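The values are calculated or read from the model by the stated rules, or taken from the named source; none is laboratory data. Keep in mind it's a predicted model, so treat the numbers as computed, not measured. Ideal geometry is used to build each Cβ from the backbone, glycine not excepted, and the neighbour counts take in all protein chains shown. Ligands, DNA and RNA are stripped out before the accessible areas are found, and what is left, the full protein with its side chains, is counted by its heavy atoms. Shrake-Rupley method; radii C 1.70, N 1.55, O 1.52, S 1.80 Å.
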Amino acid sequence: MKIAIASDHGGVNIRKELKRLMDELGLEYEDFGCECGTSVDYPDYAILVAEKVASGEFDRGILVCGTGIGMSIAANKVKGIRCALVHDLFSAKATREHNDSNMLAMGERVIGPGLAREIAKVWLTTDFEGGRHENRLGKIKAYEEN
Ligand code: RB5
């Protein structure tokens, strides 16, 4: 599984922690920034990573900003992206099992790096359940296609 990761200036510490986690898990990833000494615009990073996932170049994407909200809103504008804003372990598991989310967004002004690491670990290692959820995702896809 290939993962694309990025943050704005508000999410640098969690991004660093998640890179350590992915190293430990032996996952392949690419870091798309930011190289922030200064404040940057989260949509630039969200759309960049979302397009990499939507094109199939990467299997999953992870985004971090101050709240995770801006990143998730922007990523979900890209066709084929199901970006889940998650700040708890239950949702991390549920969004993989039920929504087959292909992107994860978190906010560093909301949670610390320790919880973010546990959330990412669950999200990266939980499979989609399929079944009745396929039909529901199909309805989202059908809407997106029109
Ligand atoms: C940046 O100040 C902040 O707005 C951003 O990191 C994020 O929280 C947006 O949703």
Breaking point among (1) of a type in the set (Lys, Arg); (2) within 13 Å of the chain's Cα centre (by Cα); (3) more than 20 Å from Glu144 (Cα to Cα), for Arg60: (3)
With Ile14, Ile62, Ile69, Ile5 as the choices, which residue is open to solvent by less than 10 Å² (accessible area, probe 1.4 Å) and within 12 Å of the ligand (Cβ to nearest atom)? Ile14
Under 15 Å from Leu124 (Cα atoms), small (Gly, Ala, Ser), within 16 Å of the ligand (Cβ to nearest atom) and in contact with a helix residue (DSSP H, G or I) (Cβ under 8 Å, 6 or more places away or on another chain): is that true of Ala75 in this structure? no
Condition check: crowded, with 18+ Cβ neighbours inside 10 Å and in contact with a Phe, Trp or Tyr (Cβ under 6 Å, 6 or more places away or on another chain). Does Leu85 satisfy that? no
Hey, Asn102 hits all of (1) within 14 Å of the ligand (Cβ to nearest atom); (2) surrounded by 20 or more Cβ atoms within 10 Å (Cβ to Cβ) but one; which does it fall short on? (1)
Take Ala142 and decide whether it is assigned to a helix (DSSP H, G or I) and either of a type in the set (Lys, Arg) or within 15 Å of the ligand (Cβ to nearest atom) (or both). no
Looking only at region 115-125, decide whether some residue is crowded, with 17+ Cβ neighbours inside 10 Å and either in a loop (DSSP other than H, G, I, E, B) or within 16 Å of the ligand (Cβ to nearest atom) (or both). yes
Test set (1) within 11 Å of the ligand (Cβ to nearest atom); (2) out of contact with any Ser or Thr (no Cβ under 8 Å at 6 or more places or on another chain) - Leu85 fails condition number: (2)
Being closer than 20 Å to Ile5 by Cα and part of a loop (DSSP other than H, G, I, E, B) is the requirement here; does Ile62 meet it? no
Does region 31-54 include one or more residues that are in a strand (DSSP E or B) and surrounded by 23 or more Cβ atoms within 10 Å (Cβ to Cβ)? no
Mind listing just one residue for me: the one in region 5-50 that is among the polar types (S, T, N, Q) and farther than 19 Å from Gly114 by Cα and, of those, modelled with the lowest pLDDT? Thr38
